[in-house]
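The values are calculated or read from the model by the stated rules, or taken from the named source; none is laboratory data. For clarity, every value in this text was computed on a predicted model and none was experimentally measured. Neighbour counts are summed over all protein chains in view; Cβ atoms, including those assigned to glycine, are modelled from backbone coordinates with ideal geometry. All accessible areas refer to the heavy atoms of the entire protein, side chains included, with ligands and DNA or RNA removed. Shrake-Rupley method; radii C 1.70, N 1.55, O 1.52, S 1.80 Å.
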Amino acid sequence: MARETVIPSLEEPKPSHTSKDDRIHVTETSTGGNHDEDAQLNPRHWHPWKKRFLFFALMSSSILADGGMTWGATLIVPQALDWDITVNQSATTMNYGMLLQGVGGLMAIPLIEAYGRLPVWLWPQFITTFMVVGATLSNSFGVFTAFRSLQGLFGTVPQVVGLPIIHDMYSPEEWSQMINIWGTTFLVGPFLGPALAGYIGAGSNWKVSFGILAVLYGLSTVLIFLFGYETYYVRGRQCQQNSRLLSMFGVRNHNLAPGPTLLHWCKTLVVYIFKTPLLLTGIATMVNFCWPIGITVTVSTFVAEPPYLFNTVQSASLRWAAILGALLGWAYGYWFDSWVTRISAATYYTEKRLHGVWAAIITMACGLLTYGFTLNYGKHWIGLAFGWLLVVAGMVASTVSITAYALEKYPEQSTVVSAIINAWRTASGFSVGYFQPSWIERDGIAAVFGTQAAVVVVNMILTITPVIVMERCKYRQKPGLA
């Protein structure tokens, strides 16, 4: 039997007794023994391969959420030529979709909680496939932008439903590691998607590139059909007893009487948005995402001009620096989440996870300065790549820490937490494409990126520090704790 790690601050209800059989259920290391019916229905006790396949389907859809939305970032020049518009105007086709990602995530909350995880995950992915097909067949800027906006609205669900699925399927000790893996897929997506799109577009045209994206969405939908299961479970209630077909259509997935209502979850959403820890960490996430997304949607425009004069393939290849940065951020987050619980097991409290943001934000600030000054003085493109790598590594590492903290802080509201963080993140991604180009034109590249570096540091100090201090004081006030 595997050794168990106990985290005192987790709010997950504990069993009333701790027999050997119960511990085997929790650690999921036993391959034999008789389980009662209730235990067998609990997703945390599913066969490991069933959980792996479901998680793989989740990652396939999650990487397409942002990856599919930024897919055209390296294709804006050929699209501008086709539609006879400016390159800057062509780059705005993604902006409304990014905004609607946040809106769609918030709209998904009451549906996920009222009808289950599986139907709200499956059918929007199915619809998104046809939105991408519509964008592929579009012949005008306006029609293409409309389909791309709807793609953002429906395609964001995997970024929201992932957190509750992880909460349902894995024990609290596994949450941070699984969040790390899942979160990195949709954080890598904004950079991997444009890279692949650029390579495909360079060998054919932008329509073929978007056709491939539609195929990828179709494959992801098939994976959900094959491996997706309803994960909602409450011990002692008759959950997980529907047929899989009924679960796909949201029929009695909860089996609660009375069942949760849409109005109830709308009210819950509003309440949690304004909870101080979520509000402050949400603002931190918004600012952290703003500048990396700004680089993502504008870098193709910058490197297409002197002194770089990158073609589509070169522009796409530059994005591997961001992909490598995302993987480094994941590695740091994975290490830190394990280290912080191990090194402070006796005095652990949830807010200690937020200490992972400090090294991340310094890395991000250094990256913004490197990228900005390289671009400002027209230095070698390696400076752009290295700066972008640092920016993305810091963004991913800080986001992983914040997300793991938020789920651990409010485990009973995993869907709500996921959607709130997603909304803060996408709101900044939507806005930066509008104000950054004019800001650069007015103040210059060096001043803009220098200001951004200062903003991320100050923002993190003003938002994360109060959360840590307030909760640390509460922890010390508990009897027997220091």
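Which residue, chosen from Trp339, Met286, Ile179, occupies the Cα position most advanced towards the positive end of the dipole of the chain, where the dipole is computed from +1 (Lys, Arg) and -1 (Asp, Glu) charges on Cβ about the Cα centre? Positive-end residue among those listed: Trp339.
Which of the peptides 207-220, 314-327, 388-401, 282-295 is most tightly packed, and how do the rest follow, going by the mean number of other Cβ atoms within 10 Å of each residue? Spell out each step's value before the answer.
Working: 207-220: 19.4, 314-327: 21.6, 388-401: 28.4, 282-295: 24.1.
Output ranking for 207-220, 314-327, 388-401, 282-295: 388-401, 282-295, 314-327, 207-220.
Per residue of the chain, the DSSP helices (runs of n ≥ 4 H) give a summed -39500 (n - 2.57) that works out to -25000 deg cm²/dmol at 222 nm. Charge dipole (Cα centre; +1 on Lys/Arg Cβ, -1 on Asp/Glu Cβ; no other charges) of the chain amounts to roughly 480 debye.
Over the stretch 304-369, the alpha carbon radius of gyration divided by the compact-protein estimate 2.2 N^0.38 Å works out to 1.64. Taking the longest Cα principal axis of the chain as reference, the axis of helix 262-273 is set at about 70 degrees. Pairs of lysine residues in the stretch 275-481 that meet both criteria, 8 or more places apart or on different chains and Cα atoms under 23 Å apart, total 9.
Computed packing ranks the peptides 182-192, 415-425, 449-459 as 415-425, 182-192, 449-459, most packed first, by mean other Cβ atoms within 10 Å. Against the chain, whose longest principal axis comes from its Cα atoms, helix 95-115 is set at around 10 degrees. Only protein atoms count toward the accessible area here, which uses a 1.4 Å probe; on the stretch 97-225, the carbon and sulfur part of that area reaches 80 percent. Here the dipole of the stretch 275-481 is about 560 debye; that uses its Cα centre as origin and unit charges on the Cβ of Lys and Arg (positive) and Asp and Glu (negative).
Per residue, the average separation of C-alpha pairs within less than 8 Å and at least 6 apart gives the stretch 275-481 a relative contact order of 35 percent. Take Ser140: with every protein chain present and a 1.4 Å probe, its accessible area is about 50 Å². The residue among Ile212, Val448, Ser247 whose Cα reaches farthest toward the positive pole of the charge dipole of the chain, with charges on the beta-carbon of Lys, Arg, Asp and Glu, is Ser247.
Please report the projected area of the stretch 275-481's Cα convex hull averaged over all directions, in nm². Present the calculation step by step, with values, prior to reporting the outcome.
On the way: hull surface 47.6 nm².
The orientation-averaged projected area of the Cα hull of the stretch 275-481 comes to 11.9 nm².
May I ask which residue of Phe130, Pro277, Gly228 lies farthest towards the positive end of the charge dipole of the chain, with charges of +1 (Lys, Arg) and -1 (Asp, Glu) on Cβ and the Cα centre as origin? So the residue we want is Pro277.
Model label points for Ile273 and Arg235, set 7 angstrom from Cα along the Cα-to-Cβ axis, are 3.4 nm apart. For the stretch 54-122, the fraction of C-alpha pairs more than 19 angstrom apart is 50%.
For the stretch 128-133, putting each phi into the Karplus relation 6.51 cos²θ - 1.76 cosθ + 1.60 with θ = phi - 60° gives couplings of 4, 4, 6, 5, 5, 4 Hz, in residue order, rounded to whole numbers and with x for Gly and Pro. Taking a quarter of the surface of the Cα convex hull of the stretch 266-339 gives a mean projected area of 7.7 nm². Peptides 158-164, 57-63 ranked from most to least packed give 158-164, 57-63, packing being the mean of other C-beta atoms within 10 angstrom over each peptide's residues.
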